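Let me begin by handing over the structure; questions about it come next.
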Amino acid sequence: MSATLPIDLSVNLGPIKLKNPVMVASGTFGYGREYADIVPLECLGAVVVKGISLKPRPGNPPPRLVETPAGLINAIGLENVGIETFLSDKLPFLRKRKIPTVVNIFGETVEEYGEIARRLDGVDGVVALEINISCPNVKAGGVHFGTNPSMASSLVKAVRAATSLPIITKLSPQVTSIADMAKAVEDAGTDIISCINTVPAMAVNIYSRKPLLGNVIGGLSGPAIKPIALRCVYEVVKSVGIPVIGIGGIANAEDALEFLLVGARAVQIGTMNFANPRVVIDVIEGIENFMRLQNISKIEDFIGTLKTL
Amino acid sequence: MRKYLERAKIIRNLPLASSIYHLELYSPKIANEARAGQFVMLRVTEDFIPLLRRPFSLFRIRKEEGILEIAYKIVGKGTGMLSKKPEGEYVDLLGPLGNGFRLPPPGTRDVWVLAGGIGIAALRPLIESIKGAMPEVNLTLYYGVKSSSELFSIDDFSEMCDGLRCSTDDGSFGFCGNVLGCVIHDWETLGTIPSYLYACGPTVMLRHVAQWVIDHSIPSQFSLESLMGCGVGACLGCAVPKKSDGEPSYVHVCFEGPIFSPDIIQWEKLL
């Protein structure tokens with residue numbers, strides 16, 4: 001019987017419907033094309049592209065990466081091609097293949113966020129914007145917005161006023177109360193919350209007595225941060241009424257199911273794409289297998305069913 | 001150029017020289033596609049330590065047999081674990097990656113290939129393809145290491161190249177000094193200068209060789225190495241500073257390289 005059980009992986013994320021809850025996280029999958037030989041992109045719930053700013057950005061001086069136990073600290077510095085080149089050279093590849101595309105955006109001022117959101121409003125192929133309010137890498141960038149609820153709120157309002165696209169707001173774990181931050185961006189009009197971004201971190205060399213990153217401080221990602229991310233998602237789900245996307249150290253189907261269990265309606269997979277470029281496919285198949293074994297036909301029936309006292 | 005993710009069977013994984021191993025893998029899809037100067041990202045473990053794949057140059061591409069050879073040096077946890085993998089086990093390979101070497105322009109007479117340490121591992125397919133496509137080229141390999149215990153495949157290289165000049169920092173074999181020292185010695189004593197040059201080795205060596213080729217206007221291609229996250233241009237973690245007038249600018253070793261013309265790199269910012 002279980003072999004014939006029809007499996008429905010589709011999820012509703014407020015205004016967006018995805019064929020399955022598995023997306024790739026911004027900054028870990030380029031603009032989609034980079035992995036197209038390896039991953040059948042049409043299988044993905046959605047692709048979240050590398051964060052885009054109004055103007056191209058060169059990024060941080062190297063070294064930009066350092067590996068830590070079960071983790072990776074990066075200080076890429078939001079290098080990207082800028083909105084013009086994104087629209088002319090990068091997006092058409094995904095649009096042609098009808099891949100649901102979420103564009104991650106960031107800026108240095110509220111006005112810049114508004115401007116880039118306006119430029120993407122009504123662009124064919126874009127299903128949502130994800131606002132990066134929390135990237136810890138660039139001094140002038142998101143860190144201020146992401147740590148202060150009123151600043152985060154004004155940012156979301158500016159983007160809301162500039163676009164009719166669904167808005168996902170991506171939260172940083174580096175706050176006193178992620179629940180308060182979530183409520184602030186919900187009240188400001190975000191449709192969806194994604195969390196978490198990387199955890200601010202650093203690494204040093206005791207022999208050279210130098211930092212291991214050109215930017216000194218970077219953001220930790222990978223399996224090392226999964227328990228932190230799971231706790232954040234749990235707290236955010238409890239505090240808001242809008243859908244939540246879980247991100248942080250997901251390496252296999254079991255990890256993804258943990259996030260769905262605590263109430264995330266979808267997940268994004270990031271750093272593990274580097275170790276195993278087919279991880280997203282493995283996760284989708286693994287969720288299906290789990291559902292067959294557990295006799296669950298709709299993934300929606302599993303989401304948020306954590307039993308607490 | 002198509003990339004593949006392939007489970008490759010280990011055919012051989014044995015010591016080749018001091019802390020250097022020789023890995024042979026059955027990986028027919030990648031072997032069929034690969035060119036000289038390209039690399040693969042190898043996943044050492046399915047566990048999370050180390051988390052990332054490791055980039056390796058291709059030491060030999062045996063297309064017909066579907067075999068790739070890698071010569072690697074044990075430098076840390078990842079390569080240490082790799083060296084313990086027995087024959088018959090499988091490893092996960094992503095490749096072929098990067099741009100690869102271009103042949104020297106038609107009519108080139110003298111080509112010098114400079115290898116520093118394990119940098120030799122990226123140069124064997126280059127030598128093979130130059131000698132295959134342009135047999136008239138007079139090719140000299142300058143191969144430098146710290147000490148003679150690190151030299152390998154000397155007979156092989158001696159047969160493939162028109163000239164082989166070995167150097168060791170400690171003077172235990174060949175010229176006493178580094179590769180560039182040997183090159184400069186030959187240039188000064190013999191008065192010869194190459195019409196084209198290739199180099200692969202530690203960054204400090206490449207930096208000095210870059211200065212020399214730029215000073216002497218010798219067209220050249222260098223193979224760079226870098227820490228890498230993805231190997232495919234997604235993470236942008238392998239940036240190296242590029243010469244620029246205004247704002248900082250970077251090139252990425254994994255997809256714009258690993259082969260670069262040395263005059264575009266801002267070498268003084270690289271160390």
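If you go through region B:36-43 one residue at a time, do you hit one that is more than 14 Å from chain A (Cβ to nearest Cβ), under 27 Å from A:Arg278 (Cα atoms) and part of a strand (DSSP E or B)?
Yes, because at least one residue in region B:36-43 is more than 14 Å from chain A (Cβ to nearest Cβ), under 27 Å from A:Arg278 (Cα atoms) and part of a strand (DSSP E or B).
Would you point out which residue out of B:Ala234, B:Ala239 is out of contact with any helix residue (DSSP H, G or I) (no Cβ under 6 Å at 6 or more places or on another chain), within 14 Å of another protein chain (Cβ to nearest Cβ) and without any contact (Cβ under 8 Å) to a residue 40 or more places away in the chain?
Answer to the selection: B:Ala239.
Restricting to region B:163-183, name every residue that is over 20 Å from B:Val111 (Cα atoms) and of a type in the set (D, E, K, R).
Scanning region B:163-183 gives B:Asp169, B:Asp170.
Condition check ((1) in contact (Cβ under 8 Å) with a residue 24 or more places away in the chain; (2) out of contact with any Pro (no Cβ under 9 Å at 6 or more places or on another chain); (3) part of a helix (DSSP H, G or I); (4) on the phi > 0 side of the Ramachandran plot) across all residues:
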| residue | (1), (2), (3), (4) |
| --- | --- |
| A:Val233 | yes, yes, yes, no |
| A:Leu260 | yes, no, yes, no |
| A:Ala264 | yes, no, no, no |
| A:Gln268 | yes, yes, no, no |
| A:Ile281 | yes, no, yes, no |
| A:Gly286 | yes, yes, yes, no |
| A:Met291 | yes, yes, yes, no |
| A:Glu300 | yes, yes, yes, no |
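Moving to a separate point now. Determine, yes or no, whether A:Ile133 is under 18 Å from the mean Cα position of the chain (by Cα), modelled with pLDDT of 95 or more and crowded, with 18+ Cβ neighbours inside 10 Å.
No, not satisfied.
While we're here: Answer yes if at least one residue in region B:191-204 is within 14 Å of chain A (Cβ to nearest Cβ), in contact (Cβ under 8 Å) with a residue 60 or more places away in the chain, part of a loop (DSSP other than H, G, I, E, B) and not hydroxyl-bearing (Ser, Thr, Tyr), and no otherwise.
Scanning region B:191-204 turns up no residue that is within 14 Å of chain A (Cβ to nearest Cβ), in contact (Cβ under 8 Å) with a residue 60 or more places away in the chain, part of a loop (DSSP other than H, G, I, E, B) and not hydroxyl-bearing (Ser, Thr, Tyr).
Take region A:161-182 and flag every residue that is surrounded by fewer than 18 Cβ atoms within 10 Å (Cβ to Cβ) and among the charged types (D, E, K, R).
Across region A:161-182, the qualifying residue is only A:Asp180.
With the checklist (1) within 8 Å of chain B (Cβ to nearest Cβ); (2) in a loop (DSSP other than H, G, I, E, B) in hand, flag the one item A:Asn20 doesn't pass.
(1)
Here is a further query. With (1) more than 9 Å from chain B (Cβ to nearest Cβ); (2) part of a strand (DSSP E or B); (3) crowded, with 24+ Cβ neighbours inside 10 Å as the list, and A:Ser26 as the residue in question, which single condition is left unmet?
If we test A:Ser26 against (1) more than 9 Å from chain B (Cβ to nearest Cβ); (2) part of a strand (DSSP E or B); (3) crowded, with 24+ Cβ neighbours inside 10 Å, just (2) comes out false.
Is it true that B:Arg2 is of a type in the set (D, E, K, R), surrounded by fewer than 17 Cβ atoms within 10 Å (Cβ to Cβ), more than 9 Å from chain A (Cβ to nearest Cβ) and in contact (Cβ under 8 Å) with a residue 12 or more places away in the chain?
No.
Of (1) touching a Gly at 6+ places or on another chain (Cβ under 9 Å); (2) within 14 Å of chain B (Cβ to nearest Cβ), A:Ile105 satisfies all except one. Which?
(2)
Moving on. How many of the residues making up region A:136-155 are basic (Lys, Arg) and at pLDDT 70 or above?
0
Within region B:242-263, which residues are closer than 28 Å to B:Pro105 by Cα, within 14 Å of chain A (Cβ to nearest Cβ) and part of a loop (DSSP other than H, G, I, E, B)?
Of everything in region B:242-263, those that are closer than 28 Å to B:Pro105 by Cα, within 14 Å of chain A (Cβ to nearest Cβ) and part of a loop (DSSP other than H, G, I, E, B) turn out to be B:Lys243, B:Ser244, B:Val253, B:Cys254, B:Phe255, B:Glu256, B:Gly257.
Out of B:Gly100, B:Gly66, B:Gly76, which single residue is within 14 Å of chain A (Cβ to nearest Cβ) and among the small types (Gly, Ala, Ser)?
It is B:Gly76.
Do you know which residues across region B:149-162 are under 16 Å from B:Val111 (Cα atoms) and either in the same structural domain as B:Leu58 (by TED's automatic domain parsing) or touching a residue at least 12 places away in the same chain (Cβ under 8 Å) (or both)?
Correct list: B:Phe157, B:Met160, B:Cys161, B:Asp162.
Considering only region B:174-194, state which residues are closer than 18 Å to B:Leu139 by Cα and either of a type in the set (Asp, Glu) or not assigned by TED's automatic domain parsing to the domain that holds B:Val209 (or both).
Of everything in region B:174-194, just one residue is closer than 18 Å to B:Leu139 by Cα and either of a type in the set (Asp, Glu) or not assigned by TED's automatic domain parsing to the domain that holds B:Val209 (or both), namely B:Asp186.
So the check is Cβ under 8 Å with 6+ separation or different chains; which pairs have a first residue in region B:32-43 that's more than 15 Å from B:Leu5 (Cβ to Cβ) and among the charged types (D, E, K, R) and a second one that's at pLDDT 95 or above and not in a loop (DSSP other than H, G, I, E, B)?
From residues that are more than 15 Å from B:Leu5 (Cβ to Cβ) and among the charged types (D, E, K, R), the pairs are B:Arg35/B:Ile61; B:Arg35/B:Pro96; B:Arg35/B:Pro125; B:Arg35/B:Ser129.
When you scan region B:214-231, how many residues do you find that are in contact with a Cys (Cβ under 6 Å, 6 or more places away or on another chain) and away from chain A (no Cβ under 11 Å)?
Of the residues in region B:214-231, 1 are in contact with a Cys (Cβ under 6 Å, 6 or more places away or on another chain) and away from chain A (no Cβ under 11 Å).
Would region B:115-122 turn up any residue that is within 28 Å of B:Ile184 (Cα to Cα), small (Gly, Ala, Ser) and without any contact (Cβ under 8 Å) to a residue 24 or more places away in the chain?
No, the conditions are met nowhere in region B:115-122.
In region B:171-190, which residue that is of a type in the set (Val, Ile, Thr) and without any contact (Cβ under 8 Å) to a residue 40 or more places away in the chain is surrounded by the most Cβ atoms within 10 Å (Cβ to Cβ)?
Here the answer is B:Ile184.
Looking at this structure, is A:Val49 in a strand (DSSP E or B), within 25 Å of A:Arg278 (Cα to Cα), of a type outside the set (Asp, Glu) and more than 9 Å from every other protein chain (Cβ to nearest Cβ)?
For A:Val49, the condition - in a strand (DSSP E or B), within 25 Å of A:Arg278 (Cα to Cα), of a type outside the set (Asp, Glu) and more than 9 Å from every other protein chain (Cβ to nearest Cβ) - is met.
The values are calculated or read from the model by the stated rules, or taken from the named source; none is laboratory data. Quick caveat, the model's predicted, so the values are computed rather than measured. Every residue, glycine as well, gets a Cβ built from its backbone with ideal geometry; the counts of neighbours run over all protein chains shown.
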